[in-house]
1. Shielding by partners for D:188-196, please: the mean number of other protein chain Cβ atoms within 10 Å of each residue's Cβ.
2. Can you give the mean number of other chain Cβ atoms that lie within 10 Å of the Cβ atoms in peptide B:167-175?
3. Which whole-Hz couplings ³J(HN,Hα) result when phi for each residue of the stretch D:44-53 is put into the Karplus expression 6.51 cos²θ - 1.76 cosθ + 1.60, θ = phi - 60°, listed in order with x for Gly and Pro?
4. Per residue of C:205-218, count partner chain C-beta atoms within 10 Å of its C-beta, then hand back the mean as an integer.
5. Evaluate the distance, in nm, between pseudo-label points positioned 7 Å from the Cα of A:Ala168 and of D:His50 along their respective Cα→Cβ axes.
6. Please state the relative contact order of the stretch A:147-195 as a whole percent: Cα pairs under 8 Å, 6+ residues apart?
7. Shortest first and in nm with one decimal, please list how far the C:Ser78 label point sits from its counterparts in the other copies (point 7 Å along Cα→Cβ).
8. Between D:Pro150 and the same site in the other copies, what are the distances in nm, shortest first, taking label points 7 Å from Cα along the C-beta direction?
Number of protein chains: 4
Amino acid sequence: MNRHSAEPRRRGKPLKERDQPAVAAENGVSRRGGDKRERILDAAVHVFAHKGFWSSKISEIAREAGVADGTIYLYFKSKDDLLISLFEDRMERVNDTLAAAMASSDNAADKLRRFVQTHLQLVAANRDQAEVLTVELRQSSKFIKEYANPRFAQFLKLLATVIEEGQAKGELSTRVRPVLAARALFGAVDELALWWVLRGDPRENLERAAGELCEMFLGGLAPAASAGASQATELPANVKRRVP
Amino acid sequence: MNRHSAEPRRRGKPLKERDQPAVAAENGVSRRGGDKRERILDAAVHVFAHKGFWSSKISEIAREAGVADGTIYLYFKSKDDLLISLFEDRMERVNDTLAAAMASSDNAADKLRRFVQTHLQLVAANRDQAEVLTVELRQSSKFIKEYANPRFAQFLKLLATVIEEGQAKGELSTRVRPVLAARALFGAVDELALWWVLRGDPRENLERAAGELCEMFLGGLAPAASAGASQATELPANVKRRVP
Amino acid sequence: MNRHSAEPRRRGKPLKERDQPAVAAENGVSRRGGDKRERILDAAVHVFAHKGFWSSKISEIAREAGVADGTIYLYFKSKDDLLISLFEDRMERVNDTLAAAMASSDNAADKLRRFVQTHLQLVAANRDQAEVLTVELRQSSKFIKEYANPRFAQFLKLLATVIEEGQAKGELSTRVRPVLAARALFGAVDELALWWVLRGDPRENLERAAGELCEMFLGGLAPAASAGASQATELPANVKRRVP
Amino acid sequence: MNRHSAEPRRRGKPLKERDQPAVAAENGVSRRGGDKRERILDAAVHVFAHKGFWSSKISEIAREAGVADGTIYLYFKSKDDLLISLFEDRMERVNDTLAAAMASSDNAADKLRRFVQTHLQLVAANRDQAEVLTVELRQSSKFIKEYANPRFAQFLKLLATVIEEGQAKGELSTRVRPVLAARALFGAVDELALWWVLRGDPRENLERAAGELCEMFLGGLAPAASAGASQATELPANVKRRVP
DNA sequence: GATGAATGAGGCTTCATTCAT
DNA sequence: AATGAATGAAGCCTCATTCAT
């Protein structure tokens, strides 16, 4: 999966087209020009994650990115735009990664497992980013409301589609509407991510958590023996099918 | 259900150590003091919900509460304190309500159903409050981190305990650790709530959504064939019963 | 003429009606409240006059007015608003004064003389204010264009009306349209004012200049003997009245 | 009339003491250097006229001139210098044109008429330039004070000299000092120009206005019959000529 | 206890100017 | 000479908080 190696489409236009590095670095990484936008985004991820959007100061992001305050405004229209750009940029990578992870399986249940696993892996690998995406953006009515978030919608759509297809193929129960299931699954995973990110218990094994979560979502909380004990009343309630 | 009849513990000390109502109302209505504090909290819920914490101005809350700006500082130490107090105050009511709702059932699955139903009912009945509790507080690392939230912990504990007890009594599968399951369930419900609160689709039937969510959590997403007696009708219901 | 002793109608509302001095000063001038708007306007006149609008800093005006920076924003919406308010406020006084000066005469030529005299007296008595009204406001396209200035229009109207009436009564030549004549007269007087204000030759006798200006406007530059060779055609052109 | 064929004296030294055209055009068109400087000045006239000096951005002028931001600093020391250079440059042309227009007449009154006519023609033909010269420069104390304007002085001197000579030859009344008369006349014409420029009533016939203005200045506002009634005091002062 | 005018620290943003290429 | 990305000083304005009344 190579998608997001591609040039990160910029919102805050770097002023005038210049898509090849200003100068082909002799060999090294050419600290000159091209990577500035990226450095600013990285700094923003870090600062936003630690201070929160509202308490973060542009000057701090600038310092962390090693640029002047004003430079940020060459790449982003405003502090808001920086957050949104960050979201779009990173979210796209996440979506791409998740889509790719699920693509390599043809089984709905498996796809969901991969989704959860990959999501939590991403979180573990990019704590700061996860915190910003999870916490900062969700938060602000301002962004969620006034900026109807296409990337996030896409993210959910990904899940919903998998579920829908799974249902169509009979691989998943049709008792729950796909959108709702997707939303719930996302909420659960996201909550775990948030938990891990905020409390940051390093001992917690995200891998294992991901596994349990999948079990629960696929198999249900009801005891295996009577998957659906909850409906016991509705059932003849004898069949002890599911054996562990 | 009597929850907030208890004196609302104030964080922002009401100035001049006065912990008994300014006018100790033997039994009467104690209009005075508690009144104003409550009006401020209500106003804060409303304003925070609509503008978000950072964009809300103390003066606006004051106007909405019908008091002077300065008055707010007689009841709360700071804007931060106002948010935290609000959270403590409202969260306690929520916890009480949820606890009460679950108490009236002795069956784990049922308790969970009641939890989900009641939670979403509360959300539907108190949109603004739900938005603040769900969105604003979650958001701010500042609050979640620096202010290790006892009410929220209590909230989760409630769920986890039910699950734990259910597992102990064999009413729930033990494949998932209680805390994790609680967290996931909360995340899912919360996400639905957020969805409803933000997108605010009034056509969406929260009641129904709650039902589906429970199905999913208890019965699992795996096809009814193995899980779901509840779908017996939909299925030939014999085959393919998921063996681990 | 007592007009502008009246309360200066405020644009930047002093926040909440309070038209009586907050506190009836024992006897003195009660440095408390009421005069703050006025002090800010005075400071603004002074600073704008010396630095020009764009080079003036709010903080300097605040310092000069003896208030905090933020206080200015309790009385004026913005720096722009401060300038405009200043203009409205002071211009109204000027208009009132000029109208009053002209009112006490029933002869068009005399009215014009009084206009010129009074205008230049006002300038001499309020250099800073004159500079701001003359220079700063004229200047900024922003203000002259985007803010179609009613006070200034009124000012010119005053003059034009006098000329029109003078023409109607045969006291003034009808060779020039009133509006144009008014504009020209204003331009001339204003230029003199500007000259005096900027170069500030204190030796220059504004009184005398006013006299000469009137002579010129009423009698023309053409030599008295032929009061208007240019108008020879219009005249019996015999009368050699005026003897040098 | 050859005015600006003379090398445009640059204030902002064209970088690296190069005072001869980069490409010394023996006689040819000297395209190079002068070209760019001129384009920048033209752009500046346009932008200053539309936005005002303080609201104009160097980058906008650069864009309009088709050069890079930095290039402007090869020709002008600073933004201020650009305005002043512009003033010097354009004012010189204006002065030359006016001087030439007046030179072709030997009669003082005629010279004045030509002055007024030509001035207003120039205004009509170069609105933007007129706006900058009239509005922007007049305005800023900064420029009028700190930069005692030689071109403008020359401009007035031109007028004053004509009047003085007219008076000496008995062609003009001596009741008014030449400088004052010049100033007044300029003020009047300038005000008309400003009026036309800002309100920009295209229907207004500047030609006609010029005519009326001359009438007024030469013949006076007093009714033709008694051109000079205003000097009654200087007269035998009995005659009640003025009849309605 | 209430009030609300006053405070003033602080941050986002602009934009003239520089300088490496 | 020309470029234009980068700089960073500076200012308007906001708004939580205080305190005299």
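The values are calculated or read from the model by the stated rules, or taken from the named source; none is laboratory data. In this text, all values refer to a predicted model and were calculated from it rather than measured experimentally. Counting neighbours? That spans all protein chains shown, and the Cβs are built from the backbone with ideal geometry, glycine included. Please note that ligands, DNA and RNA were not included when accessible areas were found on the heavy atoms of the full protein model with its side chains. Shrake-Rupley method; radii C 1.70, N 1.55, O 1.52, S 1.80 Å.
1. 6
2. 5
3. For the stretch D:44-53, the Karplus curve yields 4, 4, 5, 5, 4, 5, 8, 10, x, 4 Hz.
4. Counting other chains' Cβ atoms within 10 Å and averaging over C:205-218 gives 5.
5. Here the modelled spin labels are 5.4 nm apart.
6. Dividing the mean separation by the residue count of the stretch A:147-195 yields 37 percent.
7. Copy-to-copy label distances at C:Ser78, shortest first: 1.4, 2.7, 3.2 nm.
8. For D:Pro150, the inter-copy label distances come out at 4.8, 6.1, 8.2 nm.
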